[in-house]
Amino acid sequence: MRRPLTAPLPALVVPDGLRVRPWTPGVDEAVRVVPNDAFAGHWGSEPRTPEIWSHGRTMFAAPWSLVAFADATAEVAGYRLSGRYEHDWQDLGYSAGYTALLGVRRPWLRRGVGTALLAAVMDRYRAAGMPYAEDGVDTANPSGAHGLLASRGYEVVHGSTLVTIEL
């Protein structure tokens, strides 16, 4: 899904009891375990070990990545890690900030954490001169990610269907 950043951005409303801060290497381990909780029971989701977490991050964009912390406990309530896929921009004909990973811990679901992180990251993408924000999401995902993005101006620009045969 993609959203033009030339359109007005949603207001950043951080839920009471939370602080949204930039990702830093010092919080990486605390962020790593969040998807293990947030996506437990989701089809195809496997726990992320430290080794799995550290692989495949060559396009990780730390300046565009954010973490929401609970004020009372300093626990990570949610995160939004971004990618900067510059090698694709020429072929695509545009540049964009890309949400690589988003997760919210179960106790913080439906409290505005994902919405706050989404608004904050779009502001960072725009400040960096990106004309678009993108996110790859499974429209059949029961987490509601597709609806959250659509309600904030993201539109489906392309899709794919995976067909499998069980042997």
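Evaluate region 116-124: report whether one residue or more is assigned to a strand (DSSP E or B), closer than 26 Å to E46 by Cα and not basic (K, R). Even if it seems obvious, please write down each step before you answer.
Let us first name the residues in region 116-124 that are assigned to a strand (DSSP E or B), namely none.
Checked against the condition, which is being assigned to a strand (DSSP E or B), closer than 26 Å to E46 by Cα and not basic (K, R), region 116-124 yields no hits at all.
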Need the failing condition index for D16 against (1) at negative phi; (2) in contact (Cβ under 8 Å) with a residue 24 or more places away in the chain, just the number.
(2)
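Using the structure shown, decide if T115 is under 13 Å from the mean Cα position of the chain (by Cα) and more than 23 Å from G26 (Cβ to Cβ). Steps first, please.
Values: under 13 Å from the mean Cα position of the chain (by Cα): yes; more than 23 Å from G26 (Cβ to Cβ): yes.
Criteria met by T115.
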Could you figure out which of (1) in contact with a helix residue (DSSP H, G or I) (Cβ under 6 Å, 6 or more places away or on another chain); (2) surrounded by 17 or more Cβ atoms within 10 Å (Cβ to Cβ) isn't true of V14?
(2)
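Looking for something over 19 Å from P63 (Cα atoms), surrounded by 14 or more Cβ atoms within 10 Å (Cβ to Cβ) and either out of contact with any helix residue (DSSP H, G or I) (no Cβ under 6 Å at 6 or more places or on another chain) or at pLDDT 85 or above (or both) - is there at least one such residue anywhere in region 21-31?
There is no residue in region 21-31 that is over 19 Å from P63 (Cα atoms), surrounded by 14 or more Cβ atoms within 10 Å (Cβ to Cβ) and either out of contact with any helix residue (DSSP H, G or I) (no Cβ under 6 Å at 6 or more places or on another chain) or at pLDDT 85 or above (or both).
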Counting only residues in region 98-115 that are in a strand (DSSP E or B) and either in contact with a helix residue (DSSP H, G or I) (Cβ under 8 Å, 6 or more places away or on another chain) or of a type in the set (F, W, Y) (or both), the one surrounded by the fewest Cβ atoms within 10 Å (Cβ to Cβ) is identified as L101
Is it the case that some residue within region 134-145 is at pLDDT 90 or above and under 19 Å from R57 (Cβ atoms)?
yes
Name the residue that is surrounded by the most Cβ atoms within 10 Å (Cβ to Cβ), counting only residues in region 44-88 that are modelled with pLDDT under 90 and assigned to a helix (DSSP H, G or I).
W53
Determine whether S95 is crowded, with 21+ Cβ neighbours inside 10 Å, among the polar types (S, T, N, Q) and free of Cβ contacts under 8 Å to residues at least 60 places away in the same chain.
no
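The values are calculated or read from the model by the stated rules, or taken from the named source; none is laboratory data. Predicted, not measured: the structure shown is a model, and the values here were computed from it. Glycine gets a Cβ as well: all are built from the backbone with ideal geometry, and neighbour counts include every protein chain shown.
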